[in-house]
Amino acid sequence: MKSAQITGPNEPLKILESNTPRPQQNEVLVKVKAVGVCHSDLHLWEGGYDLGDGQFMKVTDRGVKYPVTPGHEIVGVVDDVGDGVTGFSKGDEVIVYPWIGCGICPACKVGNENLCDAPKSLGVFQDGGYSDYTLVPNYKYLAKLNGVNPETATSLACSGLTAYNAIKKSNQNSPAFLVIIGAGGLGLMGVQIAKAITRAKIICVDLDDQKLDTAKKMGADFILNSKDPDTSQKILSICDNKGADSVVDFVNAPPTAKLGLSVLRKRGNLVLVGLFGGSIEMSLVTIPLKSITIQGAYTGNYNDMVELLELAKKGTINPIISKRYSLDEANTALEDLKARKILGRAVINP
Ligand code: NAD
Ligand code: ZN
């Protein structure tokens, strides 16, 4: 089989030929039809995350071992199954749940493998979908597409899943006004999902007018380009000068986190999702005085993915796939995402 591998930070991806594995026991071999190109693949390629103040968190310190095949938004066709597999057979169109856990920690025990203490996620800690085949460790991580378009389904494994989990968290205080920062792969899914599952007026913020126009088409009630220095003031006036009930920050860098905090009303709820990173100083006393909640959201669990698949089947959400690349073009796909040339999601068709 052929895979595009990251061999080290910022090194061009290498195309590698290797033997196609035969699935054993509960394993399933999936022939990859499409794999989404996520900004997290870029962080993996860059070698880590910006902690602010010149500090950097290396992915190798989190347990990543190079070389690794990236790609965690994997959709394909069952090619071969191990002896223990039931319910799936050759030819089934499937989406792969990539956020695999150890199976024994407290999070895994309640079904939240995405929050595992010792994660084994596909495309991060073990080889993922930038490849013509992926070996899935257990059939319990698969869900049948049942007619959902394979390319649009890729988003349901990460960008849609993460947005779904984050929007559910932002909905805990029944927001009248919800601010979504970042209209990229995750944020545009966030807008659609917020439209479907909350009753909030949606205010979407980005630096790119084309992405904002798309956000409007997807259901945002207000769009604002944060290059405008009055963005914070404009959001406050949209929110009856009280502020937004909830903010979901799909960028989560110093300017966006500061913007989020500045527009949050009393009892407000800030959900941080993006991994752009950095650090900020904040006024501590306003947190208790305004009784603000600040929380993180990290992908979602298997059941969330299945719920999302149902929403996609009904057409309630419709992930945008704007660009397609071959496996040999994996470098270009990542470069284009870095240069902010991708609207919604790009996929690689191995
Ligand atoms: P993307 O590149 O598709 O989109 C990023 C968007 O943010 C773009 O539209 C860009 O214009 C906008 N943006 C960048 N800087 C901005 C700023 N200062 N102000 C306003 N807008 C700004 O990325 P994506 O795939 O949507 O991922 C977004 C982030 O979320 C990445 O850091 C990614 O690694 C992370 N992520 C987190 C999780 C999680 O579970 N928490 C899961 C997947 C991805
Ligand atoms: Zn992702």
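So which residues in region 302-350 are open to solvent by 30 Å² or more (accessible area, probe 1.4 Å), of a type in the set (Asp, Glu) and within 13 Å of ligand 1 (Cβ to nearest atom)?
GLU335, the sole residue that qualifies.
With the requirement that a residue be touching a residue at least 40 places away in the same chain (Cβ under 8 Å) and closer than 21 Å to THR293 by Cα, what does region 217-239 give you?
ILE235, CYS239
Between a first residue in region 200-216 that is hydroxyl-bearing (Ser, Thr, Tyr) and a second residue that is in a helix (DSSP H, G or I) and open to solvent by less than 30 Å² (accessible area, probe 1.4 Å), which pairs have beta carbons less than 8 Å apart while being 6 or more apart in sequence or on different chains?
THR214/LEU188
Quick one: GLY52 ticks every box in (1) more than 15 Å from ligand 1 (Cβ to nearest atom); (2) touching a residue at least 60 places away in the same chain (Cβ under 8 Å); (3) over 16 Å from LEU135 (Cα atoms); (4) not β-branched (Val, Ile, Thr) bar one, so which box is it?
(1)
Please find, within region 140-159, the residue that is nearest to ligand 2 (Cβ to nearest atom) out of those that are assigned to a helix (DSSP H, G or I) and small (Gly, Ala, Ser).
Taking region 140-159 and keeping what is assigned to a helix (DSSP H, G or I), we get 140-141, 150-157, 159.
Right, trim to small (Gly, Ala, Ser) and you get 153, 155, 157, 159.
On the way: ALA153: 14, SER155: 9, ALA157: 8, SER159: 6 Å.
Here the residue is SER159.
Just one of THR214, THR162 is in a helix (DSSP H, G or I), out of contact with any strand residue (DSSP E or B) (no Cβ under 8 Å at 6 or more places or on another chain) and buried (at least 24 other Cβ atoms within 10 Å of the Cβ); which is it?
Values: THR214 fails: buried (at least 24 other Cβ atoms within 10 Å of the Cβ).
Sole residue among the options that is in a helix (DSSP H, G or I), out of contact with any strand residue (DSSP E or B) (no Cβ under 8 Å at 6 or more places or on another chain) and buried (at least 24 other Cβ atoms within 10 Å of the Cβ): THR162.
Look through region 234-281, keep the residues that are over 21 Å from the mean Cα position of the chain (by Cα), charged (D, E, K, R) and within 30 Å of LYS338 (Cβ to Cβ), and return whichever of them is least open to solvent (accessible area, probe 1.4 Å).
Among those that are over 21 Å from the mean Cα position of the chain (by Cα), charged (D, E, K, R) and within 30 Å of LYS338 (Cβ to Cβ), it is LYS234.
Counting just the residues of region 167-189 that are within 15 Å of the chain's Cα centre (by Cα), over 16 Å from THR256 (Cα atoms) and open to solvent by less than 20 Å² (accessible area, probe 1.4 Å), which one comes out nearest to ligand 2 (Cβ to nearest atom)?
Taking the candidates together, the pick is GLY185.
Could you count how many residues in region 49-107 are within 29 Å of PHE276 (Cα to Cα), part of a loop (DSSP other than H, G, I, E, B) and among the hydroxyl-bearing types (Ser, Thr, Tyr)?
3
Cβ-Cβ under 7 Å, sequence separation 6+ or interchain: first residue in region 5-27 and in contact (Cβ under 8 Å) with a residue 12 or more places away in the chain and open to solvent by 50 Å² or more (accessible area, probe 1.4 Å), partner of a type in the set (D, E, K, R) and not in a loop (DSSP other than H, G, I, E, B). Which pairs?
Filtered contacts from region 5-27: THR7/LYS14; PRO9/GLU46; ASN10/GLU46; ILE15/LYS2; ILE15/ASP328; GLU17/LYS2; ARG22/ASP80.
Taking only region 250-301 into account, find how many residues are away from ligand 1 (no atom under 14 Å from the Cβ) and either over 15 Å from LEU178 (Cα atoms) or of a type outside the set (A, V, I, L, M, F, W, C) (or both).
18
The values are calculated or read from the model by the stated rules, or taken from the named source; none is laboratory data. None of these values were measured; they are calculated from a predicted model. Note: ideal-geometry Cβ built from the backbone for every residue, glycine included; neighbour counts use all protein chains shown. All accessible areas refer to the heavy atoms of the entire protein, side chains included, with ligands and DNA or RNA removed. Shrake-Rupley method; radii C 1.70, N 1.55, O 1.52, S 1.80 Å.
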